[in-house]
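Heads up, the thing below is written out as structure tokens.
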Amino acid sequence: MSWKAIDRISPVIEKDAPPLLSEVVRGKIRSFFPRYETKRAALLPALHIVQDALGHVPYQAMVEIAELLEIHPSDVLDTVSFYTHFWTHPKGERVITVCRSISCEVMGGAGVLEELKKQLSIGEHETTPDGRYSLVTEECLAGCDHAPCLLINEKLHKRVRPQDVAKILADQDNDRLDVPRSTLFDAREEGEAPAAAKQQSTFMEGRGTKE
Amino acid sequence: MAKITIDNKEVECRDGITVLQAALEAGWDIPHYCYHPGLSIVASCRLCLMEMQMPHPKTGEMDWAPKLLPSCQTPVKDGMVVRFNSETVKKNQRDCMEFFLLNHPLDCPVCDQAGECYLQDYSYRFGRAESRMVDQKTVNPKKDIGPRPLLYSDRCVICSRCVRFTREISGTFELHVTQRGSRSEIDVFPGRPLDNPVQGNVVDICPVGALLDKDFLFKKRAWEFRPANSICPGCARGCSIRIDQDEDVVYRLKPRYNPKVNDWWICDEGRFGYKYIHDESRVKGPILRRGQSVTRLLWEEIPDILRFRFQEHVEKHGGDKVAAVLSPFMACEEAWLLGRFIREMAPQAALAMGPVPLEDEDQRFPVGAKGEAVKFEISKEKCPNRRGVEAILEQAGGTVLAFEDFIEKAGADAFSAAWIVGGYPKPWLEKAVAKKLSGKSELLVVQDIFPNDLMAEATFVLPACSWAEREGCFMNIDGLIQPFDWAIHPPDGVKRDGQYLFEIAGYTGLYSGKRVRELMAATMPAFAEVLAAPQLAAHAH
């Protein structure tokens, strides 16, 4: 029988699990509070910080963020699930994002996506067994004039044809940015090396950093 | 008062409301999903779009604006000209309905909402007859999101009324919209279910069959009900409700809009608190006990026998030996009739008020709100008519006792004849109290809905009816008198309290709340005109 309801009542977080967010991460989140009128407003920076530190935002982290910001975990999940930027489960070292919107679609984006799936042997929202690549689709990468395009972490590859895919995948530096990374959301211990897959965009750099 | 023109008709409307509200109040049936008068406005469903006249940017002449505007978000302004009957507006409604139904499973035959579903109604009125969708439908899953409601995501139109309810009315924030765009779904945080004392309302405000009540799931079709307007007896607030019944079985209670008390909401305690009325253990028929022998009485004999026994008793022992305990679950009319009968038999008789069930404190919503911000309140006083009965006792004058004083006095053999009214949904007569009262009365009338400890020695046992079977009025905690109708017939052998009290008090004919209120109005003018909250038109919210 198809009549089956998904259980959303049973808890998914282990009781008495040790806190996931380190004191450094918490401190970094708290440092954003004075910028806004409400603590709730610090949700997006908090999510960036946590994803930067953990690689993704698991349910337990959402609950801990909610406690910090004095909001309901449901509000956090609302925001996390709204932005495809945030991951609720571990992702690969490099995330390949393919545009599925109109411009790329008419310029042959679907063919690129098919080729990627074939080369990586994974489907959408999946990660390769070696943990190197994750594949997702996105509504628009704001690169319509260079369609079809794809992102590898934060690096935009323009005018990609299906036959280019193998070359791009083979390139070791296919995610290297031309500009330096922002450290706005970094919450690293002194001397800790940046973890893999912690590439962050530069879009917030210089904004809201007034001391 | 602003004057606006809707579809070439001039409409006077209150200031500060929106065009949609003005149109709904003036009798237009404008389709809408996301708009609910009790919640904030998001203008997301796009079904209520209208055409509006604006000054042309070049000529300055008034002309129809080139794009449609959401009527739910546009405040009225004097001299405004809008229309809903143009082809553009109708086309938008048709197109929107097509989008709403794109992924809808169309499982109305097994859906509880069928018959009271906005999707059905609007589809019939504003939609098209057949679907042009050729692709596979997206089927969203059903979700168990809490102890009361069940979420059918596949039927959801993402109006976000339920989400706004938990954020603005209950203040508990359990619900949210997960994902976005065409993948949006209503959801809870896993392990943090929708579980608050007013959660049942999300089922009421859901315009489609997405949120359904587990308690009512697959029980009944909506069009089979013969509803009655009533007042919730759960607490002293006296929320306006509708009792949905068929063939004398109550299936559910729904809130009725009443701006003076509950707006659009009721609490779960009231909503699901009616189950006791179908309990098998209810007192079934009137009984007369003489020593060890027990006789089942006919209802016709009761007024004469009771009057005779009380007269005889007063002659023998004097009028000050008579007492009656009125219950805060009685309607005002019933309390008045009983008080009148007792005082007629014995003018010096003592009248008392039964115990008032109290909880620790009032519950206010949104959680933690104070003063003006409070949108909904549950009283700590778990009975509907303490104030009404108090008002009647006050008007009756003479000896009026508190329940504790009555027990004290009765324990000291002050009364030899007593009439005790219960009617509480939960056991109310404590063992110690019953023991104190036991063996003190020669003539004891016990009127209750469930058996209690005093019934074993009562001379007369009179079955009481639940509020769903009675008619009358309750006075709520703010002193507002509200009438309620009977919804179902009493069980076999049981007669309505009002009717037999009417006869016992010496009146003939049929009891009706209105008739008794006319009699009461002579001494209590407040009861001269008791009006129910006005009925709202369909789709008014």
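B:MET97 meets all of the listed conditions (1) at negative phi; (2) within 32 Å of the chain's Cα centre (by Cα) but one, namely (2). Against the test of being within 20 Å of B:ARG180 (Cβ to Cβ), small (Gly, Ala, Ser) and surrounded by fewer than 16 Cβ atoms within 10 Å (Cβ to Cβ), the options A:ALA142, A:ALA166 yield a single qualifying residue, A:ALA142.
Here B:ALA65, B:ALA129, B:ALA114 are screened, and the one residue that is touching a residue at least 40 places away in the same chain (Cβ under 8 Å), farther than 24 Å from B:ASP263 by Cα, surrounded by fewer than 17 Cβ atoms within 10 Å (Cβ to Cβ) and outside the structural domain of B:VAL202 (by TED's automatic domain parsing) is B:ALA114. With respect to the conditions (1) hydrophobic (A, V, I, L, M, F, W, C); (2) surrounded by 21 or more Cβ atoms within 10 Å (Cβ to Cβ); (3) in a strand (DSSP E or B), B:VAL261 lacks only one, and its number is (3). Each residue in the range B:174-195 was checked for being within 25 Å of the chain's Cα centre (by Cα) and either surrounded by fewer than 23 Cβ atoms within 10 Å (Cβ to Cβ) or aromatic (Phe, Trp, Tyr) (or both), and 1 pass. Hey, does the range B:216-230 have a residue that's within 11 Å of chain A (Cβ to nearest Cβ) and either within 21 Å of B:GLU469 (Cα to Cα) or in contact with a His (Cβ under 8 Å, 6 or more places away or on another chain) (or both)? No. Within the range A:44-58, can you find the residues that are at negative phi and of a type in the set (Gly, Ala, Ser)? If the condition is that a residue be at negative phi and of a type in the set (Gly, Ala, Ser), then A:ALA46, A:ALA53 are the ones that fit. Regarding A:GLN172, is this residue surrounded by 13 or more Cβ atoms within 10 Å (Cβ to Cβ), out of contact with any helix residue (DSSP H, G or I) (no Cβ under 9 Å at 6 or more places or on another chain) and at pLDDT below 90? It is false that A:GLN172 is surrounded by 13 or more Cβ atoms within 10 Å (Cβ to Cβ), out of contact with any helix residue (DSSP H, G or I) (no Cβ under 9 Å at 6 or more places or on another chain) and at pLDDT below 90.
Restricting to the range B:346-374, what's the tally of residues that are part of a loop (DSSP other than H, G, I, E, B) and either outside the structural domain of B:CYS332 (by TED's automatic domain parsing) or under 28 Å from the mean Cα position of the chain (by Cα) (or both)?
Counting residues in the range B:346-374 that are part of a loop (DSSP other than H, G, I, E, B) and either outside the structural domain of B:CYS332 (by TED's automatic domain parsing) or under 28 Å from the mean Cα position of the chain (by Cα) (or both) gives 14.
Within the range A:66-84, identify whether any single residue is of a type in the set (A, V, I, L, M, F, W, C) and more than 29 Å from A:PHE33 (Cβ to Cβ), and answer yes or no. The answer is no; no qualifying residue exists. Give A:HIS56, A:HIS89, A:HIS85 a once-over and let me know the one that is away from chain B (no Cβ under 14 Å) and touching a His at 6+ places or on another chain (Cβ under 9 Å). Result: A:HIS56 is the single residue among A:HIS56, A:HIS89, A:HIS85 that is away from chain B (no Cβ under 14 Å) and touching a His at 6+ places or on another chain (Cβ under 9 Å). Taken together, the criteria exclude A:ALA17 from residues that are outside the structural domain of A:THR127 (by TED's automatic domain parsing) and modelled with pLDDT of 95 or more.
Just need a number here: residues in the range A:111-134 that are surrounded by fewer than 14 Cβ atoms within 10 Å (Cβ to Cβ) and under 17 Å from the mean Cα position of the chain (by Cα). Going through the range A:111-134 one residue at a time, the tally reaches 2.
Taking the range B:419-497 and the strands (runs of 3 or more DSSP E) fully enclosed by it, the elements with 2 or more residues that are over 19 Å from B:ARG289 (Cβ atoms) and in contact (Cβ under 8 Å) with a residue 24 or more places away in the chain are at B:472-475, B:481-484. Output the residue which, of all residues in the range B:15-52 that are acidic (Asp, Glu) and assigned to a loop (DSSP other than H, G, I, E, B), is nearest to B:SER182 (Cα to Cα). If we take residues in the range B:15-52 being acidic (Asp, Glu) and assigned to a loop (DSSP other than H, G, I, E, B), then B:ASP29 is nearest to B:SER182 (Cα to Cα). Applying a threshold of 9 Å to beta carbon distances and a minimum spacing of six or more residues, or different chains, the list of pairs starting in the range B:286-298 at a residue that is surrounded by 11 or more Cβ atoms within 10 Å (Cβ to Cβ) and ending at one that is assigned to a strand (DSSP E or B) and among the hydroxyl-bearing types (Ser, Thr, Tyr) reads B:ILE287/B:THR295; B:LEU288/B:THR295; B:ARG289/B:THR295.
The rows are residues; the columns are (1) within 14 Å of another protein chain (Cβ to nearest Cβ); (2) outside any loop (DSSP other than H, G, I, E, B).
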{"site": "A:ILE6", "(1), (2)": "yes, yes"}
{"site": "A:ILE9", "(1), (2)": "yes, no"}
{"site": "A:VAL12", "(1), (2)": "yes, no"}
{"site": "A:LYS15", "(1), (2)": "yes, no"}
{"site": "A:LEU20", "(1), (2)": "no, no"}
{"site": "A:VAL24", "(1), (2)": "no, yes"}
{"site": "A:ILE29", "(1), (2)": "no, yes"}
{"site": "A:PRO34", "(1), (2)": "no, yes"}
{"site": "A:GLU37", "(1), (2)": "no, no"}
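If you scan the range B:297-314, which residues turn out to be over 19 Å from B:ASP497 (Cα atoms) and of a type in the set (A, V, I, L, M, F, W, C)?
Those that are over 19 Å from B:ASP497 (Cα atoms) and of a type in the set (A, V, I, L, M, F, W, C): B:PHE308, B:VAL314.
Quick grid of which residues meet (1) assigned to a helix (DSSP H, G or I); (2) in contact with a Leu (Cβ under 8 Å, 6 or more places away or on another chain); (3) in the same structural domain as B:ARG164 (by TED's automatic domain parsing):
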position	(1), (2), (3)
B:ALA324	no, yes, no
B:PHE329	no, no, no
B:LEU338	yes, yes, no
B:GLU344	yes, no, no
B:GLU377	no, no, no
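Taking the range A:39-84 as the range and being polar (S, T, N, Q), closer than 22 Å to A:ILE96 by Cβ and either in contact with a Lys or Arg (Cβ under 8 Å, 6 or more places away or on another chain) or not in a loop (DSSP other than H, G, I, E, B) (or both) as the test, the residues that pass are A:GLN51, A:SER81. Among residues of the range B:311-345 being surrounded by fewer than 21 Cβ atoms within 10 Å (Cβ to Cβ) and among the small types (Gly, Ala, Ser), the one that is farthest from B:ILE449 (Cα to Cα) is B:GLY318.
The values are calculated or read from the model by the stated rules, or taken from the named source; none is laboratory data. Bear in mind the structure is a predicted one, so any value in this text is a computation, not a measurement. Every residue, glycine as well, gets a Cβ built from its backbone with ideal geometry; the counts of neighbours run over all protein chains shown.
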